[in-house]
Amino acid sequence: MTEPGLTRDAFLDGRVIAWQPQEGYRAATDPVFLAACVPAKAGQSVLELGCGVGVASLCLVARVPGLDCTGLEVQAQYAALARRNAAENGVALAVVEADLEALPANLRAHRFDHVIANPPYYAPQGPAARDMGRDRALREDTPLASWVDTALRRTRDGGHVTMIHLTERLPELLAGLAGRASCHVLPLAARAQRPARRIILQARKGGRAPFVLLPPLVIHQGDAHLGDGEFFTDTARAVLRDSSALDLREMSQG
């Protein structure tokens, strides 16, 4: 099945199917790893800030059915695709089209058990992408501190904020959490013995436990790709193909 300007992509070995812009921002593995780390339980509420076409929320619901999910997305095209993807996957995802810094009253009045986000990675002064939708999704417009502050404000006391971002932005993320939450950080390394370029941060609002930096999760086996295979490690394959969870608290005790 094809449509001009769109692709129909499979995640979690086909458990989630998502329409995406062919030339715009395209979800890959980051939202899948993000969803795997959310310690949600059936019946809880989840807000995804900057949901794009909805892949992270859909992957989370594929693992934990019975969640009450809301997505916030500023770009109309992506919000429309998120609604379409939710419908085609049979997921009741309510998608709100609004800016992070101008939330509608119903969201400002609500607290969620979990808030998740994959904020834009690149600095505002960086080179612009050719596609405007991709550029807005990847290049920071709203300051990262605002993402952290909004996420915490929308989380109930004792609830969790889970984000994926570049390792170099970790100091900013931690600064926004200081005195407001306890925190676990899981580095993601492409291969063993290489620096972790991304991290998953999970904060418990109101928590006072010491900061925990976990050992890196290595995504690919070997030193380089050999041919066209994926060569995922067993842990990464379990997440990306089998919808396995990554329990950061359990990992910190093991």
Point to revise | Per-region count, segment 53-69, residues surrounded by fewer than 22 Cβ atoms within 10 Å (Cβ to Cβ) and either over 19 Å from the mean Cα position of the chain (by Cα) or without any contact (Cβ under 8 Å) to a residue 60 or more places away in the chain (or both) | key: 4
Check your understanding: Of all residues in segment 28-46 being outside any helix (DSSP H, G or I) and under 11 Å from the mean Cα position of the chain (by Cα), which is surrounded by the most Cβ atoms within 10 Å (Cβ to Cβ)?
Key -> Val38
Review point. Has segment 14-27 got any residue that is aromatic (Phe, Trp, Tyr), in a strand (DSSP E or B) and either surrounded by 20 or more Cβ atoms within 10 Å (Cβ to Cβ) or at pLDDT 95 or above (or both)?
Key: yes
Point to revise | Filtered residues of segment 84-102 (kept if surrounded by 15 or more Cβ atoms within 10 Å (Cβ to Cβ), more than 17 Å from the chain's Cα centre (by Cα) and in a helix (DSSP H, G or I)) | key: Arg84
Point to revise | Scan of segment 217-237 for residues that are out of contact with any strand residue (DSSP E or B) (no Cβ under 9 Å at 6 or more places or on another chain) and modelled with pLDDT of 95 or more, ordered by number | key: Asp234, Arg237
Exercise for review: Among the candidates Arg241, Arg208, Arg180, Arg194, single out the residue that is over 26 Å from Val61 (Cβ atoms) and touching a helix residue (DSSP H, G or I) at 6+ places or on another chain (Cβ under 9 Å).
Suggested key: Arg180
Exercise for review: Filter segment 234-249 down to residues that are more than 10 Å from Phe33 (Cα to Cα), among the small types (Gly, Ala, Ser) and in contact with a Leu (Cβ under 8 Å, 6 or more places away or on another chain), then give me how many there are.
Suggested key: 0
Exercise for review: Inspect all residues belonging to segment 24-34 and state whether any of them is acidic (Asp, Glu), in contact (Cβ under 8 Å) with a residue 12 or more places away in the chain and under 22 Å from Ala109 (Cβ atoms).
Suggested key: no
Point to revise | Number of positions in segment 64-81 that are farther than 24 Å from Pro143 by Cβ and out of contact with any helix residue (DSSP H, G or I) (no Cβ under 7 Å at 6 or more places or on another chain) | key: 6
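The values are calculated or read from the model by the stated rules, or taken from the named source; none is laboratory data. Not measured: the values here are computed from a predicted model. Virtual Cβ from ideal backbone geometry, glycine too; neighbours counted across all protein chains shown.
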